[in-house]
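The values are calculated or read from the model by the stated rules, or taken from the named source; none is laboratory data. The structure displayed is predicted, hence computed values, not measured ones. Note that we place each Cβ from the backbone using ideal geometry, even for glycine, and neighbour counts take in every protein chain shown. Just the protein is used for accessible areas: all its heavy atoms, side chains included, with ligands, DNA and RNA removed. Shrake-Rupley method; radii C 1.70, N 1.55, O 1.52, S 1.80 Å.
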Amino acid sequence: MFINQRIDARQAGFTLVEMLAVITIVSIVMALAAPSFTSFASNQRLRGAATDLVTTLLVARSEAIKRNAQVTVTAAVAGENANWGRGWTATAAGGLQIDRKDGSTGHIDGSATPAAITFDGSGRMTTAGGVSIQLRDSRGDALASPRCVSIDLSGRPQASVGACS
């Protein structure tokens with residue numbers, strides 16, 4: 001009985017060679033998966049920014065209808081130009097801030113025009129025609145698909161994958 005216990009105790013665990021083989025295989029798999037994860041993270045960042053912008057535009061439009069007054073969504077200024085990828089602010093008449101989003105990561109670039117979008121009391125934009133805002137990865141990741149946030153003539157925003165046409 002004592003001999004059987006001794007054999008079981010000796011066979012428990014992993015050898016150094018087995019452990020090194022597993023670490024090597026895991027390292028190779030991680031090296032192959034890292035580029036894919038980078039583009040996945042970039043796509044998720046762009047998707048999140050587009051969704052946040054659409055949400056802010058919907059809130060601004062809703063507030064304009066509710067207040068029967070103009071509500072303006074303004075792009076953040078990066079350097080000397082407006083850049084939707086760096087954030088935005090929604091303000092009602094009289095300067096009351098409704099919503100604000102700061103682009104803290106700095107890995108997203110957005111269109112410079114239009115610098116502001118204004119909804120009137122009926123929920124429509126005050127500018128003639130539809131508006132499109134393109135968001136793209138600022139680090140040049142070719143696998144990250146740009147996002148297009150477009151606002152139709154009735155004032156409804158929507159996000160789509162791909163460059164704005």
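Overview of values
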read-out	value
Filter result for Ser150 (touching a His at 6+ places or on another chain (Cβ under 9 Å) and not charged (D, E, K, R))	no
Region 62-78, residues that are over 21 Å from the mean Cα position of the chain (by Cα) and open to solvent by 40 Å² or more (accessible area, probe 1.4 Å)	Ser62, Ile65, Lys66, Arg67, Asn68, Gln70
Selection within region 94-128 - among the hydrophobic types (A, V, I, L, M, F, W, C), touching a helix residue (DSSP H, G or I) at 6+ places or on another chain (Cβ under 8 Å) and open to solvent by 70 Å² or more (accessible area, probe 1.4 Å)	none
Out of Leu32, Leu16, sole residue that is open to solvent by 80 Å² or more (accessible area, probe 1.4 Å) and at pLDDT 90 or above	Leu16
Hits in region 129-153 (condition: surrounded by fewer than 20 Cβ atoms within 10 Å (Cβ to Cβ), touching a Leu at 6+ places or on another chain (Cβ under 9 Å) and farther than 23 Å from Thr38 by Cα)	Gly129, Gly130
Cβ-Cβ under 7 Å pairs, at least 6 apart or on other chains, region 36-50 side of a type outside the set (Phe, Trp, Tyr), far side loosely packed, with under 14 Cβ neighbours inside 10 Å	Ser39/Leu143; Arg45/Thr105
Of residues in region 79-91 being small (Gly, Ala, Ser) and assigned to a strand (DSSP E or B), the one surrounded by the most Cβ atoms within 10 Å (Cβ to Cβ)	Gly85
Close pairs (8 angstrom Cβ cut-off, 6 or more residues apart or separate chains): touching a residue at least 12 places away in the same chain (Cβ under 8 Å) and closer than 17 Å to Thr56 by Cα in region 67-80, exposed (fewer than 15 other Cβ atoms within 10 Å of the Cβ) and hydroxyl-bearing (Ser, Thr, Tyr) anywhere	Gln70/Thr126
Strands (runs of 3 or more DSSP E) contained in region 92-158 and holding at least 1 residues under 18 Å from the mean Cα position of the chain (by Cα) and in contact (Cβ under 8 Å) with a residue 24 or more places away in the chain	97-102, 108-110, 131-137, 147-151
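Results for (1) at pLDDT below 90; (2) of a type in the set (Val, Ile, Thr); (3) farther than 25 Å from Asn43 by Cβ, shown as yes or no for each residue.
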position	(1), (2), (3)
Gln70	no, no, yes
Gly103	yes, no, no
Ser122	no, no, yes
Arg139	yes, no, no
Ala142	yes, no, no
Leu153	yes, no, yes
